[in-house]
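**Q** Shown below is the structure under consideration.
Every read-out reported here was derived from the displayed coordinates using simple, explicitly stated rules and does not represent laboratory data. The structure presented is a predicted model; accordingly, all values stated were derived computationally and were not measured. As a convention, Cβ positions derive from the backbone with ideal geometry for all residues, glycine included, and neighbour counts pool all protein chains shown.
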Amino acid sequence: MADLPVAVFEIREYMVIFRQLEERDFSGVRAKIRGIIRCSGVAPNTETQYRLDVYFLAPDSALPTPQVDLANNTGAIFMPFSDMGTLVDILRNEKPIYGHLRGDRPEWTSITTGNEPVGEGELG
């Protein structure tokens, strides 16, 4: 059976990076980076390491397409800087959280939570 062009991993660690401004090229698109959240983890039932970097861009930045490199177990997606706090909140408060690297449809590369019952609310 051929390997699927998709990898799913449980995010176990994250690192938050704020930048004044970093300009970097992604496939010929110049992005203006203000923040990065690096999500690291392992695939279910294995210890294969994966990383998904979420780049948060300045309002006047060009928007690169998602990057997926399954040969190196890495990916990158790009969001507005104003969304950075939302992802930090999810990473702090939800479990489990998964990264999805989509080699078949890079635009579907994502971060998801596990299923939760409706109306669960905050406990404690």
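**Q** Determine the sum of side-chain charges near VAL68: Lys and Arg each +1, Asp and Glu each -1, restricted to other residues whose C-beta is under 11 angstrom from that of VAL68.
**A** Numbers: positive: ARG102, ARG105; negative: ASP69, ASP104, GLU107.
After counting each charged neighbour, the total is -1.
**Q** How charged is the neighbourhood of PHE26? Take every other residue with its Cβ under 13 Å from the Cβ of PHE26, and add Lys/Arg as +1 and Asp/Glu as -1. Let's see the in-between values first.
**A** Working: positive: ARG24, ARG30, LYS32; negative: GLU22, GLU23, ASP25, ASP53, ASP69.
After counting each charged neighbour, the total is -2.
**Q** If you don't mind, another one. Using the Karplus equation 6.51 cos²θ - 1.76 cosθ + 1.60 (θ = phi - 60°), what ³J(HN,Hα) coupling, rounded to whole Hz, does each residue of region 8-23 give in order, writing x for Gly and Pro?
**A** Values per residue, Gly and Pro as x: 10, 9, 7, 6, 10, 9, 9, 10, 9, 10, 9, 10, 4, 5, 10, 9 Hz.
**Q** Same structure again: 5 Å is the cut-off here: which amide hydrogens, built 1.01 Å from N in the peptide plane, fall below it relative to ALA62, excluding neighbours closer than 5 in sequence?
**A** Amide H to amide H, under 5 Å and 5 or more residues apart or across chains, ALA62 pairs with LYS32.
**Q** Using each residue's phi in region 79-92, evaluate 6.51 cos²θ - 1.76 cosθ + 1.60 at θ = phi - 60° and report the 3J(HN,Hα) Karplus result to the nearest Hz, with x for Gly and Pro.
**A** Listing the rounded values in order: 9, x, 4, 5, 8, 4, x, 4, 5, 4, 4, 5, 5, 6 Hz.
**Q** Where does the Debye-calculated log10 I(q)/I(0) of the chain sit at q = 0.09, 0.15, 0.21 Å⁻¹, using only Cα point scatterers of equal weight, no solvent?
**A** The calculated log intensity ratios at q = 0.09, 0.15, 0.21 Å⁻¹ are -0.27, -0.72, -1.23.
**Q** Excluding PHE9 itself, calculate the net charge of residues whose Cβ lies under 11 Å from the Cβ of PHE9, where each Lys or Arg counts +1 and each Asp or Glu counts -1. Spell out each step's value before the answer.
**A** On the way: positive: ARG12, ARG51; negative: GLU10, GLU47.
So the surrounding residues net to 0.
**Q** Using a simple spin-label model with points 7 Å from Cα along the Cα→Cβ vector, what separation in nm is obtained for VAL8 and GLU22?
**A** Spacing of the two 7 Å Cα→Cβ label points: 3.0 nm.
**Q** To continue, here is another question. Could you work out the helix-only [θ] at 222 nm for the chain, with each DSSP H run of four or more residues adding -39,500 (n - 2.57) and the total divided by the number of residues, to the nearest 500 deg cm²/dmol? Before the final figure, lay out the partial values.
**A** Values: 1 runs with 10 residues, N = 124.
Calculated mean residue ellipticity at 222 nm is -2500 deg cm²/dmol.
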